[in-house]
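The values are calculated or read from the model by the stated rules, or taken from the named source; none is laboratory data. Please read all numbers here as calculations on a predicted model, not as lab measurements. Note that each Cβ is placed from the backbone with ideal geometry, even for glycine, and that neighbours are counted across all protein chains shown. Calculation scope for accessible area: heavy atoms of the full protein, side chains included, ligands and nucleic acids excluded. Shrake-Rupley method; radii C 1.70, N 1.55, O 1.52, S 1.80 Å.
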Amino acid sequence: MTAQTNMNERIAAWNAEAEACPCGSNHHHVDMYTVISDHALEDIASYLQDKGYQHVTVIDDPHTAAAAGNRVLELLQQAGIQAEEVCLPLNSAGDVVADERYMVKVLLGISSTTEAVLAVGSGTIHDLTRFACSMRKLPFISIPTAASVDGFTSAGAPLLLDGVKRTIQTVAPEAIFADVSLLASAPQTMTAAGFGDMLGKYTSLADWKVSRDMAQEPYCPLAAQMTEEALLACIEHVDEIAAGSLHGIDVLIRALIASGISMLIIDHSRPASGGEHHISHRIEMELLAQERPQVLHGAKVGVAAALLTDLYKELAVQEPESAFQVYTTLPDSQQMRDWLQQVGGPGRFDELDVTEDMLERAVHTAHTLRDRYTGLKYLNDHNLIDSSKLQELSRS
C-alpha cells in the first residue's frame, strides 16, 4: 500500500477479496467514502450537500475545536448548512474520557433535528460519537485531527463502563475526511502514538495466529494481510513519519485507516488488538481510577508490544514444538524501541510515568479484560512471568 493508493478503490478491492475469502468468517461489506488530501476539510460541505444533510452536529473539545472544529463550522455555515457544536469540556485531569458521563453529554447535545454527526478529534471523540450515532441511528462522519489511532474507521468503541474498559460494537463512519496538512500540524507525540498503535500489530497478528492454532478462534487471512501490509508500510517509511513530512503522515493515516477497515470487514478487532492492547487498556483504567492524566493509547501500545516481544520470544524458546514459534518472527525488541523513539515517542514504560507496580498489575491481569487467547494469557495461566525479569524489561 503506497501513499498514491486511491483508498476508495482499495476498499472496493478489499470488498471483492472478502466475498471470495474461504476462511469461513462472516465478512462485512464496507461502504465508506474516503478523502485523504492536503485540503480534505474543504470537501466536507459538498459531501454533506450531496447526501442531502442540511442540519448536522459537530463533536469536538477545546483542543480539537481550535485545531479544526472551528474551521469546519465556518466552512459548513458558508455553504448554508446548519451546524451545531457540542464542545466537550475537559475533566480535572485535562482529558476527555469515553465514560458514561461523556456519553450522556454527547447524547444530550445532539438535537432531534440533526441528520448527521461529525467527529472532529482523535480516538476518544470518535468513540463517543460512534456510540451516540449507534444509539440515535444517525450517520457518523470522521474528521481526524491527528494520525494517532487506528480506530477512526472501525465500528468498535472502547468505552469505560463502570471503570472497566470494554469494546462495544457500534457503527463505523460512512465517510472520513483526513486532511494531511492538518494531521501534519498535530504534535509529534500524537503522530508517534499512531505509529505505536501500528507497531503493536506485530504482536497482535502473532497473537491471532496463536489463538487460531491453540484455541481454534476464527482467523481471516485477508484481514491479517491488510493489517500486515499497513504495518510494513509504516516501517518502510519510518524516517518520513519521524520527520513529520506530508508524505510520511499520508502513509501513516492510510495505514491507520486500513487497519480500522480490516477490523470492520470481519466485525471484530482481532487483527489489530492482542496482548499489547490489553495491557494498554489496563494501565488506562488504573490511571483513570487515580484521576491522573491519560497516556496516549498508541504510546502505551507500542511500548507494551516491545515488552511482550521479549516475553514472547522467551516463550518460543521454552516451547519449541508449539504454536508459539510464530513469536520468533517478531522484530528484535530493541529495534522496536528504537523505532518508537525515532518517531518521537517513548520506548519504555518508565518514560510513560508508569510505575513498576502498575506495570506488574497490568501484565498479570490484562488478559482477563477480553475473552481471547493470547501469549499473555498463556504466560499468566502457567505462572511464567517473573517479576524481577519484568522490572528489568520495563527499564531496558
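Rounded to the nearest 20 debye, what is the charge dipole size of the chain about its Cα centre when +1 sits on each Lys and Arg Cβ and -1 on each Asp and Glu Cβ?
Using only the charged Cβ atoms, the result is roughly 600 debye.
Tell me, what % of the accessible area of region 123-187 is carbon and sulfur with a 1.4 angstrom probe?
On the way: 970 of 1770 Å².
Of all accessible area on region 123-187, carbon and sulfur atoms account for 55 percent.
Obtain the nm distance between the two label points defined at His39 and Gln342 by a simple spin-label model: each point lies 7 Å from its Cα along the Cα-to-C-beta direction.
Reported label-point gap for His39 and Gln342 is 3.4 nm.
Taking the Cα atoms only, what angle lies between the long axis of helix 356-365 and the longest principal axis of the chain, rounded to 10 degrees?
Between helix and principal axis, roughly 90 degrees.
Using per-residue counts of other Cβ atoms within 10 Å, averaged over each peptide, order 193-203, 164-174 from highest down.
Per-residue mean Cβ counts within 10 Å order the peptides as 193-203, 164-174.
Can you give the FRET efficiency to the nearest 0.05 for Asp162 and Asp239, using r as the Cβ-Cβ distance and R₀ = 30 Å?
0.10
In Å², and per residue, what accessible area does region 180-222 have when probed at 1.4 Å with the other protein chains present? Before the final figure, lay out each step's value.
Details: 1290 Å² over 43 residues.
Value returned for region 180-222: 30 Å² of accessible area per residue.
At 1.4 Å probe size, with every protein chain present, just tell me what the per residue accessible area of region 250-396 comes to in Å². Numbers along the way, then the final one.
Numbers: 5300 Å² over 147 residues.
On a per-residue basis, 36 Å².
Probe radius 1.4 Å, ligands and nucleic acids left out: which of Ile385, Ile59 has the largest accessible area, and how do the rest follow?
Ile385, Ile59
Taking a ≥ b ≥ c as the square roots of the Cα gyration tensor eigenvalues, with a/c under 1.5 meaning rounded and otherwise prolate when a/b beats b/c, else oblate, which class fits the chain?
prolate
Taking 0.36 nm per intervening residue step and subtracting the Cα-Cα distance, what contour gain separates Asn91 from Met214 on full extension?
Using 0.36 nm per residue and subtracting the Cα-Cα distance, I get 40.0 nm.
Once the Cβ-Cβ distance between His247 and His382 is put in as r, and R0 is 45 Å, what FRET efficiency do you end up with, to the nearest 0.05?
0.50
Under a 1.4 angstrom probe, counting protein chains only, how are Asp127, Asp350, Asp239 ranked by accessible area, largest first?
Ranked from most to least accessible, the order is Asp239, Asp350, Asp127.
Compute the helix-to-body angle for 100-109: its Cα long axis versus the longest principal axis of the chain, expressed 0 to 90° and rounded to tens.
20 degrees
Let a ≥ b ≥ c be the square roots of the eigenvalues of the Cα gyration tensor of region 25-102; is it rounded (a/c under 1.5), or, if not, prolate (a/b larger than b/c) or oblate?
Verdict is oblate for region 25-102.
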